[in-house]
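Chemist: The structure that follows is given in the form of structure tokens.
What follows draws every value from the coordinates through simple rules; no lab data is involved. Small disclaimer: the values here were computed from a predicted structure and weren't measured. Here the Cβ positions follow ideal geometry from the backbone for every residue, glycine too, while neighbour counts run over all protein chains shown.
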2 protein chains.
Amino acid sequence: MSELATICGVGTTKFGKQPEIPARELAWEAVSEAILDAAITPGQIDAVFAGTVFGDPGVATRSLQQLGISGVPIITIENACASSTSAFHEGCASISSGRYETVLAFGIETMTASFSGAISPISSDPEGAQGFAMPALYGMSAARYQHEFGVTDEQLAAVSVKNHGHGRHNPRAQHQKAPTIDQVLESPVISSPLTLLQCCSIADAAAAAVLRPPGIPGGVRVLSSSLKSGGLWDQRSELVWGWQIVADTARAAYEEAGVSALDIDVFEVHDAFTIGEIVTTEALGLAELGAGGRLVESGYTTLGGNQPVNPSGGLLSRGHPLGATGLAQIAEIVWQLRGDAGARQVPDARLGVVETMGGGTAGVDGNACVVTVLETPASRNAISAA
Amino acid sequence: MSELATICGVGTTKFGKQPEIPARELAWEAVSEAILDAAITPGQIDAVFAGTVFGDPGVATRSLQQLGISGVPIITIENACASSTSAFHEGCASISSGRYETVLAFGIETMTASFSGAISPISSDPEGAQGFAMPALYGMSAARYQHEFGVTDEQLAAVSVKNHGHGRHNPRAQHQKAPTIDQVLESPVISSPLTLLQCCSIADAAAAAVLRPPGIPGGVRVLSSSLKSGGLWDQRSELVWGWQIVADTARAAYEEAGVSALDIDVFEVHDAFTIGEIVTTEALGLAELGAGGRLVESGYTTLGGNQPVNPSGGLLSRGHPLGATGLAQIAEIVWQLRGDAGARQVPDARLGVVETMGGGTAGVDGNACVVTVLETPASRNAISAA
């Protein structure tokens, strides 16, 4: 298997409601940590790929200038919730093609100063015009899964219990309390059958990674990265929203990396809502269609289980600052593959996968999905194989 | 000189206030024209790079889905006024590295439904906090040029007269009336010394280009493309805002293409305000520092002069829909180099340059500048050399 790039350093802020901190200051914190972690200087950075959804125009430039990063190409990408994994993806491509030697990818989002409730599709889209906010769209998927596959309320709640349980061990997570199944089900209904504790929170945060060419000692290896936009999707589609795009993107990423789903030791996936993780684990190949509810209930994806999913706490516990989420997922898998994940470490994690899915446009099966396969640093791999 | 890519087709909407047309419909018009012009089918497109500043999240996906363009990577870039030339730049890089065979680049902006006056930097930036809208920033540059270099009111006005004169021959331009010097100077003062007819208008429009590898017969050749962000800039800087970034970016683009400024037959440059074109023509190497006012007054950059600048009418006459502007400039130079520019054709144009500069962030010499050097199709070049 060939490699696209090396992740030489990562950084994130704490996640949560921190409306008093300007976007640029959040970015400084994440970018500084990544640069220090990579043991580079700002002057080595050849280009920057940033991700944000609702950031002000120029947010990346504004974030970087006072770090002394200027003059170089700065490309800011909007790709819904996959914005910063899209920035990561473009950064990897720019490294693997030999265009740049050192690339900074970062994601930034400050939501709590601008939003107070659910995010809705724009009002010129049919869903937006009808008042279907994102929780309503996921609620419909959940109801359909209950009807078609017998997914239970408890199975949905199990995703929340698992991820909040993981997030308890993540000092940067927005929510660090682990509820019980009953507490999840007794929390207020947001969009039936989804209750409050099954919905991610809006947050303010930044996350960053430094990318360099393959072969840098000690760095996490990017084996593959795939980015797709969704095909047309409507009431005639056989699968719920977001299934096919994740399956197609994952298949491409696995193939490029020469791995299969069962080879992967740890996943960070897009659990914006509990049903999202159930659908996604199926689409990623961890369970058959319709079996995702039973999968999570079995403990297979819990820390200590065979293939832990969202050891960071995921979007449900860490929080979901849209444009920062993708690189926060990358950071978690990097820490896992370096053995730096502390109390939430997956033992001997060697291969990790990040999946981010961004939606919001009516009539397509997701605006974008990115799946990347990462491998532990060569040195660490050699040790664990010895 | 090597080539990065071939521009096989371009398209734009009409420019102007058309708030009743949704963004996606403007995009359809420009993208359809580009696809037909390139004689490809939507299914051939491997990836899309879009540019927008204030477009809704998902605007690119929303624009493309009903054209049947889905599934492929769609990357939406914000880079201030250089957003769609940034999309073009990334598209060219993705072709030249062999990543994709056929790329769609497009820019989309619908401003008149959201804005009614001048655009201001965000209020957390010092300029924004002090109420310095973009015309005020350019007005200060103009005042400084008058003080330092003796640029006259008439020289400033000459840019407007020239570009509106060119735009009279552009059926897609927002403003198709050509004022006199007196009319320009007698129009209302916006930010002294700049008057209304020296300021570009907000507009709604889209523009697109289809990119393929070098060597496609009949296509315009992309000899080089350079993208830089601005260095730190403040009251200690010797040159006015936007001079150095354009000079640096142009130097890199000329060098990569193996050309010099005097080799170029036709330019499209960022004349958001009259002083902008004066500064830019200097930075591009058409005049010494401080001599840009005399250059335009001499007729050197008028159609029929030695090196025409903004034959399309530029931002002043065509209008300035931020994220669509860069690819509209590209489209104009493509038409010029193919001999398709009608009454505004620069005779035997063989080499053309597009320059776009985007600002809005305090303390940097522009968020981004893109300069690209384009050459006439090989077949046409052979004919004109014969």
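Chemist: Just counting partner chain Cβ atoms within 10 Å, what average do the residues of peptide B:74-84 show around their Cβ?
Modeler: Details: counts 9, 13, 9, 7, 12, 8, 4, 1, 0, 3, 0.
The mean count of partner-chain Cβ atoms within 10 Å per residue comes to 6.
Chemist: May I ask what percent, to the nearest 5, of DSSP beta bridges between residues of the protein assembly as shown are antiparallel?
Modeler: Around 75 percent antiparallel, to the nearest 5.
Chemist: Mind telling me which of A:Glu186, A:Glu282, A:Glu332 comes out most flexible in a GNM of chain A, alpha-carbon contacts under 10 Å?
Modeler: Checking each option, the largest mean-square fluctuation is seen for A:Glu186.
Chemist: Starting from 0.36 nm per residue, how many nanometres of slack lie between A:Lys17 and A:Gln66 once their C-alpha separation is accounted for? Don't jump to the answer; show the numbers that get you there.
Modeler: Working: separation 49, 0.36 × 49 = 17.64 nm, distance 2.38 nm.
Once the chain is fully extended between A:Lys17 and A:Gln66, it gains 15.3 nm.
Chemist: Taking the simple approach of a point 7 Å from Cα along Cα-to-Cβ for both B:Ser237 and A:Gln176, what is their distance in nm?
Modeler: The modelled label-to-label distance comes out at 4.3 nm.
Chemist: Taking one equal scatterer on every alpha-carbon of the range B:282-370, how large is log10 of I(q)/I(0) by Debye at q = 0.21 1/Å?
Modeler: Values, matching the q order: -1.18.
Chemist: Can you list the distances in nanometres, one decimal and ascending, from the A:Ala39 label point to the identical position in each other copy, with the point 7 Å along Cα to Cβ?
Modeler: In nanometres, ordered from closest: 5.7.
Chemist: I'd like the distance separating the alpha-carbon centroids of the range A:147-193 and the range B:40-106, in whole Å.
Modeler: Centre-to-centre distance over Cα atoms comes out at 38 Å.
Chemist: Sorting A:Ser260, B:Ser96, B:Ser226, A:Ser97 on the 10 Å Cβ count, fewest up front, what's the list?
Modeler: Ordered by Cβ neighbours within 10 Å, fewest first: A:Ser260, A:Ser97, B:Ser96, B:Ser226.
Chemist: What does the copy distance list look like for B:Gly363, label position 7 Å along Cα→Cβ, in nm and ordered from shortest?
Modeler: Those label-point separations list as 4.3 nm.
Chemist: Using a 10 Å cut-off on Cβ to Cβ distances, tally the other chain neighbours for every residue of A:229-238 and report the average as a whole number. Don't skip to the end; give the middle numbers.
Modeler: Values: counts 13, 5, 3, 5, 2, 0, 0, 0, 0, 0.
Per residue, the number of nearby Cβ atoms from other chains is 3 on average.
Chemist: Mind sorting B:Ile264, A:Ile69 by how few other Cβ atoms lie within 10 Å of their own Cβ, fewest first? Don't skip to the end; give the middle numbers.
Modeler: On the way: B:Ile264 23, A:Ile69 20.
Ranking B:Ile264, A:Ile69 by Cβ neighbours within 10 Å, fewest first, gives A:Ile69, B:Ile264.
Chemist: Still on this structure: Net charge around B:Val53, counting only other residues with Cβ within less than 9 Å of its Cβ (Lys, Arg = +1; Asp, Glu = -1)? Spell out each step's value before the answer.
Modeler: Numbers: positive: none; negative: B:Glu78, B:Glu109.
Residues near B:Val53 contribute -2 overall.
Chemist: Name the residue from B:Gly131, A:Thr76, A:Leu316 whose Cα lies farthest towards the positive end of the charge dipole of the protein assembly as shown, charges +1 on Cβ of Lys and Arg and -1 on Cβ of Asp and Glu.
Modeler: A:Thr76
Chemist: D for the range B:121-262, whole µm²/s, Stokes-Einstein with Kirkwood Rh over alpha-carbon pairs at 37 °C and 0.692 mPa s: what number? Provide the component values of the computation, followed by the final result.
Modeler: Details: Rh = 18.4 Å.
Calculated translational D: 178 µm²/s.
Chemist: So, counting K/R as plus one and D/E as minus one, what does the shell of residues with Cβ under 13 Å around A:Ala362 add up to?
Modeler: Values: positive: B:Arg24, B:Arg62; negative: A:Asp125, A:Glu127, A:Asp234, A:Asp365, B:Asp56.
Its environment carries a net charge of -3.
Chemist: State the Kirkwood hydrodynamic radius of the range A:1-141 in Å, one decimal place, computed from all pairs of distinct Cα atoms. List each step's numbers first, then the result.
Modeler: Details: mean 1/r = 0.0606 Å⁻¹.
About 16.5 Å for the range A:1-141.
Chemist: With the dipole of the range A:178-261 worked out from charges on the C-beta (+1 for Lys and Arg, -1 for Asp and Glu) around the Cα centre, which of A:Gln244, A:Ala257, A:Gln183 lies farthest toward the positive end?
Modeler: A:Ala257
Chemist: So what is the relative contact order of the range A:39-178, in percent, for Cα pairs below 8 Å that sit 6 or more residues apart? Numbers along the way, then the final one.
Modeler: Numbers: 159 pairs, mean separation 28.1, N = 140.
Here the relative contact order equals 20 percent.
Chemist: Using the C-alpha atoms of the range A:125-196, what convex hull volume per residue, in cubic angstrom, is computed?
Modeler: On the way: hull volume 7.3 nm³, N = 72.
Taking the convex hull of the Cα positions in the range A:125-196, it is 101 Å³ per residue.
Chemist: Take the Cα atoms of the protein assembly as shown, find their three principal axes, and give me the spread along each one in whole Å, biggest first.
Modeler: 80, 52, 48
Chemist: Roughly how crowded by other chains is peptide A:361-368, in terms of the mean Cβ count from those chains within 10 Å of each of its Cβ atoms?
Modeler: On the way: counts 11, 4, 5, 9, 2, 1, 8, 7.
What the average comes to for A:361-368 is 6.
Chemist: Please work out the Cα center distance from the range B:326-367 to the range A:276-307, rounded to the nearest Å.
Modeler: 52 Å
Chemist: On to the next question. Dividing the Cα radius of gyration by the Kirkwood radius, what Rg/Rh value follows for chain A?
Modeler: Working: Rg = 19.1 Å, Rh = 20.2 Å.
When Rh is taken as the Kirkwood radius, the ratio is 0.94.
Chemist: Give, in nm to one decimal, the length gained when the segment between A:Ser2 and A:Leu36 is fully stretched (0.36 nm per residue of separation minus the Cα-Cα distance).
Modeler: Numbers: separation 34, 0.36 × 34 = 12.24 nm, distance 2.70 nm.
Extending this stretch completely gives an extra 9.5 nm.
Chemist: Would you mind calculating the gained length between B:Gln44 and B:Arg99 on full extension (0.36 nm times residue separation, minus the Cα-Cα distance), in nm to one decimal?
Modeler: Details: separation 55, 0.36 × 55 = 19.80 nm, distance 1.41 nm.
My answer for the length gained is 18.4 nm.
Chemist: Could you rank the peptides A:201-210, B:11-20 by their average count of other C-beta atoms within 10 Å per residue, with the highest value first?
Modeler: Working: A:201-210: 29.5, B:11-20: 19.4.
Going by the mean number of other Cβ atoms within 10 Å, highest first, we get A:201-210, B:11-20.
Chemist: List B:Val373, A:Val259 from most exposed to least, where exposure is judged by having the fewest other Cβ atoms within 10 Å.
Modeler: Numbers: B:Val373 27, A:Val259 18.
Ascending number of Cβ neighbours within 10 Å: A:Val259, B:Val373.
Chemist: So for the range B:212-366, considering every pair of alpha-carbon atoms, how many percent are separated by more than 24 Å? Write out the running numbers ahead of the final one.
Modeler: Working: 3558 of 11935 pairs.
More than 24 Å apart: 30 percent of the Cα pairs in the range B:212-366.
Chemist: Percent relative contact order of chain A, based on C-alpha pairs within less than 8 angstrom and at least six residues apart? Working shown, then result.
Modeler: Numbers: 999 pairs, mean separation 98.4, N = 386.
Once divided by the residue count of chain A, the mean separation gives 25 percent.
Chemist: Now, a different point. Find every distance from the label point of B:Glu148 to the corresponding label point in the other copies (7 Å from Cα along Cα→Cβ) and write them in nm, one decimal, shortest first.
Modeler: 6.5
Chemist: Restricting to lysine pairs 8 or more places apart or on different chains, what number in the protein assembly as shown have Cα atoms under 27 Å apart?
Modeler: Pairs that pass both the separation and distance tests number 10.
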